[in-house]
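All remarks here apply to the structure that follows.
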Amino acid sequence: EREAKKFGFAVDLISLGSRILKYLIYLVAVLMAMDVLGVRAASLFLEALIPFLPQVFAAILILLFGTVIAEIIADFIKFGLRDRIDDAAKEAGVSQSLSTLVASFVRYFLYLFVFLTALLQLGFQAGALIETLVFLVLIFAGVIAIVFILFVKGHLHNLSSWLYLRNSGELNAGDDVA
């Protein structure tokens, strides 16, 4: 429910489950009535639908658990890198949060992986889909690389100077630079 609220959805799992159960009971009642009336098309439809339902249920579970795990991993990366990368970047004069950028990239890559896994669970042919998604991921990575290069270009000299001075020991905290 918490993850659904992040995306702007108001979800009450108990009411959602009760609605699904209610409509399932309605479906069974209608199909039984059709069978009593001798309408064979409904029975044929049900015979075709029943083997597909576990795959749909598994795909829904993959999407739910996958998005939660993607959020947990992205938050872990964001907060784990925040202390290491962002502090060093701020000292070098970079004002943007690099940990947020990396965490967002990992989050959306994991979303893509979860979505692809759910589609494969539903029985979609993966060949063209995987090639298209890999192409989109490569384009996304290229755009991120270009943005990162443009972002860092102005600060690279300051960052490299700061790293050199920090590791060389020539300057200490509080020293005057003329």
Q: Roll a 1.4 Å probe over the protein heavy atoms and report the accessible area of Ile72 in Å², nearest 10.
A: 100 Å²
Q. On full extension of the chain, what length is gained from Ser168 through Ile14, given 0.36 nm per residue of separation minus the C-alpha to C-alpha distance?
A. 49.3 nm
(Q) Modelling each spin label as a point 7 Å along the Cα-to-Cβ direction, I'd like the Leu129/Ala141 distance in nm, to one decimal. (A) 2.1 nm
Q: Give the residue from Ser15, Phe45, Ile69 lying farthest towards the positive end of the charge dipole for segment 13-81; charges sit on Cβ (+1 for Lys and Arg, -1 for Asp and Glu) and the dipole is referred to the Cα centre.
A: Ser15
Q: Heads up, I need the accessible area for Lys153: 1.4 angstrom probe, whole protein in place, Å², nearest 10.
A: 150 Å²
Q) How far apart, in nm, are two points set 7 Å out from the Cα along the Cα-to-Cβ line at Arg82 and at Leu37? A) 6.0 nm
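The values are calculated or read from the model by the stated rules, or taken from the named source; none is laboratory data. Worth saying up front: this structure is predicted, and the values here are computed from it rather than measured. Every residue, glycine among them, receives a Cβ derived from its backbone with ideal geometry; neighbour counts consider all protein chains shown. To get the accessible areas, we keep the full protein, side chains included, count just its heavy atoms, and leave off ligands, DNA and RNA. Shrake-Rupley method; radii C 1.70, N 1.55, O 1.52, S 1.80 Å.
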